[in-house]
Structures are given as structure tokens and as C-alpha cells.
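The block underneath contains the structure these notes are about, expressed in C-alpha cells.
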Amino acid sequence: MSETLPEVAPRLRELRREGGLTLEEAAARVGLSPAHLSRLETGRRQPSLPMLLALARAYGTTVSDLLGETPTDRDPVVRAARMEPVEAGGWTYWQAGGPGKAIQALRLHVPAGPQEGLVRVHPGEEWLYVLKGELRLTLGDAVHVLAPGDSAHFDSLTPHRIAAGSQAGVDLLFVHTLLRSGIADLCIG
């Protein structure tokens with residue numbers, strides 16, 4: 001890592017103890033050896049982002065909490081009139097949820113056209129809901145065609161691709177657990 005993370009060791013130890021977990025139990029939940037988790041809890045090792053995500057899920061918290069970030073008091077309501085469109089690679093995104101949260105919500109327009117190079121694989125989960133148009137969702141080797149009102153919920157470690165299946169493009173709601181990603185980084189490979 002090019003930067004040193006804030007001191008997460010005490011918070012990891014505190015969360016494990018609050019959950020009543022032994023070092024062995026917590027390590028098994030996260031898929032680490034007890035020795036590795038011990039090194040993380042004593043500050044002798046720094047966790048990677050995927051490891052932070054796994055630890056946050058295992059302890060029922062967020063990466064922001066693990067890093068000791070103080071949440072700001074933001075209005076929980078996002079008004080449509082305040083959603084600024086952001087364009088990236090021909091796609092248009094509107095932030096539909098608060099920034100810095102454990103889940104991110106977007107409204108998304110994907111235009112018609114080939115999307116062959118946009119296969120994504122990353123830790124987390126994704127949920128999408130088709131508002132207008134037809135969506136072609138590729139999950140691994142399977143291709144699914146979704147119509148308005150259809151939704152999908154999947155583990156984003158599954159190679160996935162979304163593309164418009166209709167001439168006017170497709171509009172959808174998109175929710176994911178990938179923390180702190182820029183809007184343009186979500187789908188642009």
C-alpha cells in the first residue's frame with residue numbers, strides 16, 4: 001500500500017470482543033488464519049481493502065467505522081431535483097443515496113450499443129431494478145433479459161456485464177456494496 005491506513009487494530013479487537021467471538025471464530029468467519037487476524041489486531045499487518053470489506057461484514061459494520069471515520073449528519077433524503085447527472089463512457093449516473101455509506105445507490109441510464117469490454121468482478125453485492133427499457137445482464141456464462149419491473153441480486157465476484165437491450169437504452173436503479181468507488185469506476189473497465 002502506498003499510504004498507511006489509520007490505526008484499525010484496536011477497533012478490530014474491540015468489535016471481535018463485543019461480538020463475543022474468539023480469535024479462532026472470528027478468523028473462520030472472515031476466512032483468515034487466527035495468526036493472521038492476531039497480526040491485524042496487534043497492528044503488525046495492515047488489511048487490504050477486500051479484507052476490510054470482509055471484516056466489516058463479519059462484524060456487522062462498515063469500512064468507515066473500522067477506519068474510525070466519523071459520519072456526518074447528512075439529510076437522509078435525496079431529492080430528484082438535486083441529483084446531478086454524471087456522464088462516463090456514454091452512461092449517465094445520478095447519485096440516489098448518501099455518499100460514504102456502506103451501500104451506494106444510483107439511478108443509471110445505459111444507452112444502446114455494444115458493451116463488450118465492460119465485464120466487472122469485485123467484492124460485494126449488487127441489486128438492480130429495471131425502470132424503463134430492456135436490460136441484458138450477463139452473469140458468468142448466462143445471459144438474462146430483464147424487462148421493466150424485473151430485478152436481479154447477485155454476488156459481484158461473479159463476472160458480470162450490463163447492456164441495453166432496447167434501442168432507447170435502459171434506465172435502472174442500481175445498489176451495490178462496493179465502498180468508496182467513484183461513480184465512473186462502477187462500470188467502466
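So, Gly133, is that one over 26 Å from Leu52 (Cβ atoms) and touching a residue at least 24 places away in the same chain (Cβ under 8 Å) or not?
Values: over 26 Å from Leu52 (Cβ atoms): yes; touching a residue at least 24 places away in the same chain (Cβ under 8 Å): yes.
When the stated conditions are applied, Gly133 passes them.
Identify, please: which residue in region 174-186 is surrounded by 16 or more Cβ atoms within 10 Å (Cβ to Cβ) and outside any loop (DSSP other than H, G, I, E, B) and is, among those, modelled with the lowest pLDDT?
Ile183
Which pairs turn up if I take residues in region 13-24 that are touching a residue at least 40 places away in the same chain (Cβ under 8 Å) and under 14 Å from Leu40 (Cα atoms) and look for partners that are part of a helix (DSSP H, G or I) and not aliphatic (A, V, I, L, M) with beta carbon separation below 7 Å, at least 6 apart in sequence or on another chain?
none
Any residue in region 52-80 that's surrounded by fewer than 14 Cβ atoms within 10 Å (Cβ to Cβ): show its pairings with residues that are part of a loop (DSSP other than H, G, I, E, B) and modelled with pLDDT under 80 at Cβ separation under 7 Å, as long as the two are six or more apart or on different chains.
Here the result reads Gly68/Pro6; Arg74/Gly98; Pro76/Gly98, each pair linking region 52-80 to a residue that is part of a loop (DSSP other than H, G, I, E, B) and modelled with pLDDT under 80.
Quick one: in region 134-168, which of the residues that are in contact with a His (Cβ under 6 Å, 6 or more places away or on another chain) and in a strand (DSSP E or B) is surrounded by the fewest Cβ atoms within 10 Å (Cβ to Cβ)?
Here the answer is Leu139.
Report every pair of residues separated by at least 6 positions or lying on different chains whose Cβ atoms are under 9 Å apart, first residue within region 142-165 and assigned by TED's automatic domain parsing to the domain that holds Leu53, second in a strand (DSSP E or B) and surrounded by fewer than 17 Cβ atoms within 10 Å (Cβ to Cβ).
Short answer, once both residue conditions are applied: none.
Among (1) surrounded by fewer than 17 Cβ atoms within 10 Å (Cβ to Cβ); (2) without any contact (Cβ under 8 Å) to a residue 40 or more places away in the chain; (3) over 19 Å from the mean Cα position of the chain (by Cα), which single condition is Pro111 missing?
Answer for Pro111: the failing condition is (2).
The values are calculated or read from the model by the stated rules, or taken from the named source; none is laboratory data. Note that this is a predicted model, so its numbers are computed, not measured. Positions of Cβ are generated from backbone atoms using ideal geometry, with glycine treated the same way; all protein chains shown enter the neighbour counts.
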